[in-house]
1. If you take the charge dipole of the chain about its Cα centre, with +1 on Lys and Arg Cβ and -1 on Asp and Glu Cβ, which of 66, 132, 10 is farthest toward its positive end?
2. What angle, in degrees between 0 and 90 and rounded to the nearest 10, separates the Cα long axis of helix 7-54 from the longest principal axis of the Cα atoms of the chain?
3. How do 107, 118 rank by accessible surface area computed with a 1.4 Å probe, from largest to smallest?
4. When only C-alpha pairs under 8 Å and at least 6 residues apart count, what is the relative contact order of the range 36-85, in percent?
5. Sort 40-53, 88-101 by the packing proxy (mean of other Cβ within 10 Å over each peptide's residues), most packed first.
6. Quick one: putting +1 on the C-beta of Lys and Arg, -1 on the C-beta of Asp and Glu, what dipole do you get for the chain around its Cα centre, in Debye to the nearest 20?
7. Return the label of the correct value of Cα Rg over 2.2 N^0.38 Å, as calculated from the structure shown, out of (i) 1.11; (ii) 2.02; (iii) 1.06.
Amino acid sequence: MRKRRGISEIVSALVVVAVTVSGLGLYVALSEQRILGDVKSVHDAIQTSEDQINELVEFIDMFREGDEVRVFVHNYGFKNVTISNVFVNGTRNATDNVTIKDLNGLEINSVPMGKTAEIFLNFTDDGDIPETVRSIVIRTDSNKLIEIRNDTN
């Protein structure tokens, strides 16, 4: 009988261990990126939710003067409310027709915290003027939807 040295068994065991360890290392590295990505997604969702909670707008009044609709709102939330989109009567995108002014008539970019502002919807250059404005939906920069319901003629 010949004596076997067992070198090939040792080499094959080392190769199996090396492949297993490298596979586990790759799995851990990829999982870490996914886990960190999920943590960031959760953080972003919580931040967006907090922003939406802090955006509190109260509708005061709405007036129609010719081709212009004026909406007075008061921000009683804990952050400035920045308007990203405005929809009239549920479907019509009026974002390009919007101007926000403070009560002194100065144009502003957002409704300041603790202040009242006037939102102007100007349909002068638009052939598709709504007969009656029943609702205005404002989408803020944190994707909160604020609906203002009123009938103005």
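The values are calculated or read from the model by the stated rules, or taken from the named source; none is laboratory data. The shown structure was predicted, so the numbers you read here are calculated from the model rather than taken from an experiment. Quick reminder, even Gly has a Cβ in these numbers, built from the backbone with ideal geometry, and neighbours come from all protein chains shown. The area values use the complete protein model at the heavy-atom level, side chains included, leaving out ligands, DNA and RNA. Shrake-Rupley method; radii C 1.70, N 1.55, O 1.52, S 1.80 Å.
1. Farthest towards the positive pole: 10.
2. Once rounded, one gets 10 degrees.
3. Order by accessible area, largest first: 107, 118.
4. RCO, the range 36-85: 32 percent.
5. In decreasing order of mean packing, 40-53, 88-101 become 88-101, 40-53.
6. Roughly 1900 debye for the chain.
7. (ii)
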